[in-house]
Amino acid sequence: MSSLATPFSVRKTSWRQPSVLPGFGLTFGFSLVWLTLIVLIPLATIFLKSAGMGWHGFVEVGFSHRAIAAYRLSFGTAAAAALINAVFGLLVAWVLVRYRFPGKRFVSALVDLPFALPTAVAGIALTALYAPRGWIGQYLEPLGVTVAFTPLGIIIALVFIGLPFVVRSVEPVLADLGRDVEEAAATLGANRIQTFSQVIFPAIAPALVTGFALAFARGVGEYGSVIFISGNMPGKTEIAPLLIVTQLEQYAYDGATAIATVMMVFSFVILFGLNAWQAAQRRRLGA
Amino acid sequence: MSRTASTTEGRTSQALLIAAAMIFLAFFLLLPLVAVFTEAFKQGIGAFGQAVMHPDAWAAIRLTLLIAAISVPLNVVFGVAASWAITKFHFPGRHLLITFIDLPFSVSPVVSGLIFVLLFGAHGLLGPWLAEHDIKIIFAVPGIVLATVFITFPFVARELIPLMQEQGKDDEEAAISLGANGWQTFWHVTLPNIRWGLLYGVLLCNARAMGEFGAVSVVSGHIRGETNTMPLHVEILYNEYDFVGAFAVASLLAALALVTLIAKSILEWRFDLHHGGAVH
């Protein structure tokens with residue numbers, strides 16, 4: 001009978017589960033208002049302004065030749081960099097989790113450098129290294145490899161920016177992986193390469209995909225570390241975020257907004273797809 | 001756990017894999033860091049000092065400190081409030097709220113600046129009204145603060161939510177049942193429990209607030225001595241071919257990054273805060 005004894009008014013008003021702790025109204029209300037003011041309303045303006053352009057006007061500036069070349073470059077270099085990071089990020093995570101070697105703590109801390117170092121600083125440092133007469137560039141130039149002011153330079157900047165996403169995504173999964181499955185594989189006669197490709201790799205693949213997607217999404221939007229090394233030639237080495245800035249400097253607000261909308265829709269699709277894929281993975285594994 | 005030969009690699013393969021990883025990290029992470037400091041001191045300590053003591057550099061340093069001093073506390077208050085609501089109570093839409101808090105991570109820094117130009121710029125939605133009342137937001141300090149708060153919005157909340165979720169609410173419920181009020185419970189029970197996680201979030205938030213470039217570049221207007229933050233000042237000096245000056249100011253930011261990394265590592269080792277999921 002106790003459930004019937006609950007006063008009707010309480011049940012009607014509490015859309016959340018009851019709790020003895022105070023402060024829900026204050027903290028929830030404040031969070032929601034602040035989130036709406038700082039994030040949701042400003043983000044909504046961009047879609048509002050895009051909608052105001054009309055479909056034809058939007059396509060004209062959002063998918064101009066110059067814009068399409070910029071998307072191609074941004075998405076292409078970000079994908080290439082994320083792929084490189086998937087390989088070397090996995091290697092770094094593997095070495096950090098599995099092996100002991102001197103200076104391991106230092107290396108582990110260093111992996112987070114791209115999160116802590118301002119992007120503009122990374123940009124000028126990489127340019128100092130890879131410019132034709134730079135530290136590394138001077139040795140590459142005679143070999144016919146030009147890094148700075150080409151798409152290759154953009155890829156190098158994005159490898160720098162994206163590496164920790166892959167390492168920090170894979171590391172915990174690799175650390176949690178039980179040795180027993182590897183022992184079982186060995187008992188059944190698998191060699192190390194077979195064990196890795198058929199037992200370990202499938203287990204860490206979802207984390208690797210997550211790291212790849214995060215590095216890719218970050219790379220597509222990256223600005224500070226790229227503009228110094230890319231040379232910024234329209235149609236050749238002009239990334240999409242730089243095109244937005246160029247449009248803004250020419251007071252072409254419609255162009256800037258349309259390009260920003262295309263990029264935002266794209267990154268939301270990636271992240272939404274990633275979340276859906278992860279949820280499906282969890283269901284499949286019954287976790 | 002003993003490692004049998006069948007569950008680990010031979011000595012040679014291990015050495016090769018470690019060497020490959022270290023060479024990659026040396027080229028991509030260590031060398032850029034070394035380059036910043038080397039280029040900064042290329043023409044001696046005197047040139048470095050001159051660049052750092054220049055009035056424009058000082059103005060940029062002061063502005064950067066001011067921006068961080070405003071935006072980090074705002075995000076701390078928001079982060080704590082949001083984490084309290086999300087982890088201490090069960091209500092529909094909690095996950096949606098977390099997704100919304102994460103949104104700024106998936107937006108390009110340039111776009112983060114653009115949205116405030118579209119709102120408050122001269123041609124923006126509220127532009128005419130602001131001009132009428134003589135309020136300047138874009139190309140002024142308030143715009144830089146807004147863009148920085150937006151960019152760093154998720155940092156503190158992202159650290160606290162998993163931590164407070166894990167800690168549950170038993171301690172707080174005990175305090176309340178013993179007669180403590182809400183504020184007492186927060187100050188004496190919750191805050192001591194979360195202080196290291198909070199500090200961790202503040203560190204990352206501060207590093208990003210001081211180092212943000214793209215978003216700030218769009219809203220600042222690059223007015224020397226007025227709306228130039230340190231990263232923007234680095235860009236201006238660099239574009240003027242004052243490389244020693246650019247790298248000198250950049251080396252201060254790199255030093256900040258190193259301090260952040262060291263403090264972060266100490267927190268991770270001492271308080272076992274390392275949760276690999278916290279990638280930004």
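Observations, loosely collected:
- Number of residues in the stretch A:95-119 that are among the hydrophobic types (A, V, I, L, M, F, W, C), more than 18 Å from the chain's Cα centre (by Cα) and facing chain B (nearest Cβ under 7 Å) equals 5.
- Subset of the stretch B:32-41 that is within 10 Å of chain A (Cβ to nearest Cβ) and surrounded by fewer than 17 Cβ atoms within 10 Å (Cβ to Cβ) - its residue that is nearest to the chain's Cα centre (by Cα): B:Val34
- For the stretch B:160-174, the criterion of being more than 30 Å from B:Leu252 (Cβ to Cβ), over 28 Å from the mean Cα position of the chain (by Cα) and either outside any helix (DSSP H, G or I) or of a type in the set (S, T, N, Q) (or both) is met by at least one residue.
- Taking the criterion of being free of Cβ contacts under 8 Å to residues at least 40 places away in the same chain and at the interface with chain A (Cβ under 8 Å from one of its Cβ atoms), the residues of the stretch B:259-273 that qualify are B:Leu261, B:Ile262, B:Ser265, B:Trp269.
- Filter pass, A:Val87 being at the interface with chain B (Cβ under 7 Å from one of its Cβ atoms) and modelled with pLDDT of 95 or more: no
- Of residues in the stretch B:222-251 being touching a residue at least 40 places away in the same chain (Cβ under 8 Å) and surrounded by fewer than 21 Cβ atoms within 10 Å (Cβ to Cβ), the one nearest to B:Thr38 (Cα to Cα): B:Val244
- Scan of the stretch A:54-85 for residues that are under 16 Å from A:Val159 (Cβ atoms) and among the aromatic types (Phe, Trp, Tyr), ordered by number: A:Phe75
- Test: residue in the stretch B:111-130 that is of a type in the set (A, V, I, L, M, F, W, C) and more than 10 Å from every other protein chain (Cβ to nearest Cβ): yes
- Tally of residues being closer than 23 Å to A:Ala116 by Cβ and more than 13 Å from chain A (Cβ to nearest Cβ) across the stretch B:42-66: 9
- Listed by first and then second residue, the pairs linking a residue in the stretch B:77-106 that is surrounded by 15 or more Cβ atoms within 10 Å (Cβ to Cβ) to a residue that is charged (D, E, K, R), with Cβ atoms under 6 Å apart and 6 or more places separating them unless they lie on different chains, are B:Ile86/B:Arg94; B:Lys88/B:Lys169; B:Phe89/A:Arg16; B:Phe91/A:Arg16.
- Selection status of B:Trp183, part of a helix (DSSP H, G or I), aromatic (Phe, Trp, Tyr) and more than 10 Å from chain A (Cβ to nearest Cβ): no
- For A:Gly123, the test of being assigned to a helix (DSSP H, G or I), in contact with a Ser or Thr (Cβ under 8 Å, 6 or more places away or on another chain), more than 10 Å from every other protein chain (Cβ to nearest Cβ) and crowded, with 24+ Cβ neighbours inside 10 Å is failed.
The values are calculated or read from the model by the stated rules, or taken from the named source; none is laboratory data. Being a predicted model, the structure only gives us computed values, none of them experimental. Don't worry about glycine lacking a Cβ; one is built from the backbone with ideal geometry, like all the others, and counts go over all protein chains shown.
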